[in-house]
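Right, one structure below, let's go through it.
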Amino acid sequence: MPYAFVATKAISHPTVEPGAAAPVGWSHEFGHRIRDAVLPGFTVFSAADADVACRRLLAEGPVRVKPVREKGGRGQTVVRDARELAPLVEAVDPQELATYGLVLEENLEKVETRSVGQVRVADLVISYFGTQRLTPDNHGNLAYGGTDLLAARGGFDSLLSLPLPDGAQEAVAQARIYDGAAMRSFPGMIVSRRNYDIAIGLVGNGRRRTGVLEQSWRMGGASGAELAVVEGFRADPSARALRAATIEVYGEGYSPPPGATVYFNGIDDRTGPLLKYSMLEPHDDDR
């Protein structure tokens, strides 16, 4: 990454004005290029801009406030009145706010999250469409529970040639817009793993809305399934498509099924008892 903020949620939205506070290297052009592929929202780097962004978005409904360096939805809060924002902003370290920013975004209800991604390992490229699932964590809160992937050998065009579920074509198109804009707006990046989370849900008036939530150019929740697919394609050069899944289960007393690749099974210092594993399956139409 050319700048630290590029690897966070911050780049998914523009600033409130072209002249608003932003770190060195910020690309206003990127926000323009992806405006039709993301949810309405702003990234702010000052308390004053946060107030402006919140009031603009509240005109259309509740606003989701998102720390840009958290993962798995942690630390997010929905506000329905501008007065609810001030304590949230005050709780952010001023240096953190000025360096990395804070995202304010239109809140969705009844959300489903899709993943669109691409992984390159040596001369092998895979592209995939995934569906995320939620599961109760050790405190009873909903947390990331894994991803089911359908992966194709090759680029996004190879993925689009497969029979895909409803909504997948739109999700892939939005991910490609975001991906292409990022590569043009932030030259010099070396990205071997690209993952884009796309939300599908309803806004306050009941209208359907969909858009890329964020990019993930790091190891993520779906990486276990991605690695399983890479190994599967290496083992069978004739395979054109494969299915894989990552599963995360909280609590004690769970055992992985036969054939699983276990990534963690124990007590996590932050979340408590946790089992994480992946599974690989053939695809019915992989020949």
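The values are calculated or read from the model by the stated rules, or taken from the named source; none is laboratory data. No experiment lies behind these values; they were computed from the predicted model shown. With ideal geometry, Cβ positions are generated from the backbone for all residues, glycine too; neighbour counts draw on all protein chains shown. With ligands, DNA and RNA removed, areas are computed over all heavy atoms of the protein, side chains included. Shrake-Rupley method; radii C 1.70, N 1.55, O 1.52, S 1.80 Å.
Observations on the structure shown:
- Reported count of residues in segment 220-246, each being closer than 15 Å to Leu149 by Cβ and open to solvent by 30 Å² or more (accessible area, probe 1.4 Å), is 5.
- Test: residue in segment 149-164 that is open to solvent by less than 10 Å² (accessible area, probe 1.4 Å) and closer than 23 Å to Thr43 by Cα: no
- Qualifying positions in segment 28-39 - buried (at least 18 other Cβ atoms within 10 Å of the Cβ) and part of a helix (DSSP H, G or I): Phe30, Gly31
- Qualifying residue in segment 18-27 (condition: assigned to a helix (DSSP H, G or I) and surrounded by fewer than 17 Cβ atoms within 10 Å (Cβ to Cβ)): no
- From Arg207, Arg218, residue being at pLDDT below 95 and either over 25 Å from Ala122 (Cα atoms) or of a type in the set (Val, Ile, Thr) (or both): Arg207
- Residues of segment 61-89 classified as farther than 25 Å from Leu202 by Cβ and at pLDDT below 90, total: 1
- Boolean, Ala171 is under 15 Å from Gly211 (Cβ atoms) and surrounded by 20 or more Cβ atoms within 10 Å (Cβ to Cβ): yes
- Scanning segment 177-198 for any residue that is open to solvent by 30 Å² or more (accessible area, probe 1.4 Å), at pLDDT 95 or above and out of contact with any Pro (no Cβ under 9 Å at 6 or more places or on another chain) turns up at least one such residue.
- Residue within segment 57-78 that is closer than 15 Å to Val103 by Cβ, assigned to a loop (DSSP other than H, G, I, E, B), β-branched (Val, Ile, Thr) and under 17 Å from the mean Cα position of the chain (by Cα) present: yes
- Among the conditions (1) among the hydrophobic types (A, V, I, L, M, F, W, C); (2) open to solvent by less than 40 Å² (accessible area, probe 1.4 Å); (3) in contact (Cβ under 8 Å) with a residue 40 or more places away in the chain; (4) part of a helix (DSSP H, G or I), the only one that Phe42 does not satisfy is (4).
- Phe5, sole failed condition from (1) hydrophobic (A, V, I, L, M, F, W, C); (2) under 17 Å from the mean Cα position of the chain (by Cα); (3) within 20 Å of Ala199 (Cβ to Cβ): (3)
- Ile198 within 18 Å of Arg114 (Cα to Cα) and in contact with a helix residue (DSSP H, G or I) (Cβ under 7 Å, 6 or more places away or on another chain): yes
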